[in-house]
Structure formats: C-alpha cells, structure tokens
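Accompanying notes for the structure given below.
The values are calculated or read from the model by the stated rules, or taken from the named source; none is laboratory data. Worth saying up front: this structure is predicted, and the values here are computed from it rather than measured. So basically every Cβ, Gly included, is an ideal-geometry build from the backbone, and we count neighbours across all protein chains shown.
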Amino acid sequence: MPNLIVTFEQSQRGSSCFAQERHLARGPGSPTHMAWGDLVTAINYFEQAREPVVPLVGGEPGLHPEIVAICRYVLARRLRVEIQTAGLLDAALVDALGAALAPEKSHCLVLVRPEGERLQGETEGQARFFEVLGGVSSLSCCVDRPDADLGFLLELISIHRLRRRIRLSLRHPADGGSGGSLSPDRFEMLAELVARLAARCEREDVILELDCGFTLCDFSDAHLGALARAGTELSFRCGPIIEIAPDLTTWACFPLHELAPQPLEQHQSFAALRAFFAEAVRSEMSARGFCGVHSQCDGCRHLARGRCAGGCRAHGLPEAKP
Ligand code: SF4
Ligand code: SF4
C-alpha cells in the first residue's frame, strides 16, 4: 500500500530502517512538511483506489506540526490511519493522539530496536508512548544481522499489552550504497532466525509479518512449515510500494528513489503509477542484467511462476555491489 511521507523531519532520538534514506531522498527545495492542499490531493488518490488504510510515515510523522489534525482528517474521510513512528514524542502530543485516534480505525506501527542498539532515553520514551497508545500499537523491527536476539519483541508486547503483531523488515541497500544491509549470502542464516521467531510467535499468539525483499529459496521446507504453522504473513515480494513525498513526488520505494521519480498528479491513479514503476524497475534491472539477489535467480522456476521476486531490487544498483 502507498505510504504518505507527511514530513522529512526526523527525531534526534530515534530512527527507522529508512530514516536516513528518506532524509537523503529529499530533493533540493523540497518542503519539509506536507501542506494541507497536497495532503487532500493524496487522500483523494487513496479514496479513489479504495485503499482502506493511509500509512503516515516520515522522517518522524509525529513531527508534522499538524499531525493530530491530519489523523482526524483521514478518519473523517472514513479511512483508517496508520502512524509509522519511533514513538519518541512529547507527552502532550502523545495525549492528543490518544484522544484523536479511534481504536477501531487507527494503528501505530512503532519501530523498535534491540536493547544494545537503543539510544539513551529510547526505552523510557517508548514506554511513555505505550502507556497512552499501547492498545493501538504493534511493533516493527528491522534486521541486519542473522544473530540478532529478537525475543525482546515478545517481551515488549507482553509488558505493554500491545497488539499481538510484529512486522519484520530487512535492511535493504539504499541511497547508493549497501549502507549496513545484510549481504544475500547470509539470508539463509537469517531464515533460521525468522523461523525461530515465528515458532515463538506461534506459542505466544502473535502474528509475524515479513516485509518485502525476503527470498523463498533461503527458507528450508522446515522453516516454511514453522512459518505456516504460525500463520506468518509472507509473500517474498518486491514492490512497487509507492512512496509519496511532501511535495507529491513519488518513488517506487525508498531504496529506488533515484529511479524515475514521478509527480503524483501526472498519473490518474495508484494503479497507473504502480504499472509505471513496475515497468521502470523491470527495464532498469533488465538493462543491468539483474534478475535477483542470487546467481541462481536467473532461470529460477519460483521467479518464473511469480512466487518469489528474487529479493530486493536495490541489490541490483551498482553502488550496492561490494
Ligand atoms: S526494491 Fe523491492 S524489496 Fe527492496 S525495498 Fe523496494 S519494494 Fe522492497
Ligand atoms: S528467484 Fe532467486 S531468491 Fe527467489 S527463490 Fe529463486 S533463486 Fe531464490
């Protein structure tokens, strides 16, 4: 589903997988915050496409000066709102969001990091956020190491009584460099980590969702069995996602933001934009001779049958090569 970047401003206290890339994706002269007129235009596209949820992202979406009014507006348009946040916001703002967000139509996806990677005050700040908004919050975590300890996610859900759901993302190469992403030759080890987490999620009644870019062949049949038993939501897909910047410039996704950015209003619908980006990415990757992250992607039957996209296309950018 498309993401609405309501602001490029970032919290000094927290960052997400793509925080830096989002910052770098901001073109010269591009506004920091989305203006009301542009917001209304973007919401019209969501409505026309019958996209039921409007994901508000950043930067830190909570730093848009009118974030509460934006949430109220999305809900008034009879759409659901999702705030993708680090949860490190002023107490008064958290209270105002708590009053504005109707629980049955609202969701906060809170980006968390393992203990050793958190900045000072991050744990306490997120705890304050969960005190007010825990009932509408679930967790998102970005992995870049196959030896990460992800048990803390289940502990946070239990301590703060969060929604029983975890979105796990891969750190992708972005913005012209591998930027700390995990090399595909370690994806097999990562699959082991994911399968272990899925088994624990199954025991603790938590739904695990895998974000884009995971690769089918790196999961053994035993791994896939564990994921299926846990009801894991996975599709081994690769966009286009459609990211909408404050000035209504759109990209296929953040790591591919330099590839054929488009003014939203140059296309009549999200469907038209998706078709445009799918073709632009296909043609760019074909010109680069990139089929997927593994050498065996070329000729892979799972790719031919559409069951695996071959991983993140950003690995096909020349700067992502080691
Ligand atoms: S290139 Fe594909 S897998 Fe990578 S971030 Fe974009 S949509 Fe996701
Ligand atoms: S397309 Fe590539 S990554 Fe996907 S299953 Fe085939 S070889 Fe693996």
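Would you confirm, using the coordinates I've provided, whether D149 is more than 30 Å from A100 (Cβ to Cβ) and not in a loop (DSSP other than H, G, I, E, B)?
Criteria not met by D149.
Evaluate region 175-188: report whether one residue or more is aliphatic (A, V, I, L, M) and away from ligand 1 (no atom under 13 Å from the Cβ).
No: region 175-188 contains no residue that is aliphatic (A, V, I, L, M) and away from ligand 1 (no atom under 13 Å from the Cβ).
Give the number of residues within region 79-101 that are out of contact with any strand residue (DSSP E or B) (no Cβ under 9 Å at 6 or more places or on another chain) and within 19 Å of V57 (Cα to Cα).
7
Residue check: is S286 polar (S, T, N, Q), within 23 Å of the chain's Cα centre (by Cα) and not in a strand (DSSP E or B)?
no
Out of A226, A198, A275, A222, I need the residue that is more than 16 Å from ligand 2 (Cβ to nearest atom), in a helix (DSSP H, G or I) and closer than 30 Å to G29 by Cβ. Which one?
A275
Here is a yes/no grid of residues against (1) outside any helix (DSSP H, G or I); (2) touching a Leu at 6+ places or on another chain (Cβ under 6 Å); (3) surrounded by fewer than 18 Cβ atoms within 10 Å (Cβ to Cβ):
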residue: T41; (1), (2), (3): no, no, yes
residue: N44; (1), (2), (3): no, no, yes
residue: E47; (1), (2), (3): no, no, yes
residue: E51; (1), (2), (3): yes, no, yes
residue: L56; (1), (2), (3): yes, yes, no
residue: P65; (1), (2), (3): yes, no, yes
residue: A69; (1), (2), (3): no, no, yes
residue: Q84; (1), (2), (3): yes, yes, no
residue: L89; (1), (2), (3): yes, no, no
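Out of all the residues in region 299-306, is one or more in contact with a helix residue (DSSP H, G or I) (Cβ under 7 Å, 6 or more places away or on another chain), modelled with pLDDT of 95 or more and within 23 Å of N3 (Cα to Cα)?
Looking for residues that are in contact with a helix residue (DSSP H, G or I) (Cβ under 7 Å, 6 or more places away or on another chain), modelled with pLDDT of 95 or more and within 23 Å of N3 (Cα to Cα), one finds none in region 299-306, hence no.
Do any residues in region 250-264 that are within 20 Å of S286 (Cβ to Cβ) have Cβ atoms under 6 Å from those of residues that are within 16 Å of ligand 2 (Cβ to nearest atom), where the two are at least six apart or on different chains, and which pairs are they?
A252/G239; A252/V281; C253/G239; P255/H172; P255/A314
Listed residues L234, L317, L264; which is touching a Pro at 6+ places or on another chain (Cβ under 8 Å) and either within 15 Å of ligand 1 (Cβ to nearest atom) or over 30 Å from R203 (Cα atoms) (or both)?
None of the others qualify; the one that does is L317.
Filter region 239-272 down to the residues that are modelled with pLDDT of 95 or more and either within 16 Å of ligand 2 (Cβ to nearest atom) or in a helix (DSSP H, G or I) (or both) and list them by number.
Within region 239-272, L264, E265, Q266, F270, A271, A272 qualify.
Listed residues A287, A280, A304, A309; which is within 14 Å of ligand 1 (Cβ to nearest atom), out of contact with any Gly (no Cβ under 9 Å at 6 or more places or on another chain) and not acidic (D, E)?
Only one candidate passes the filter, namely A280.
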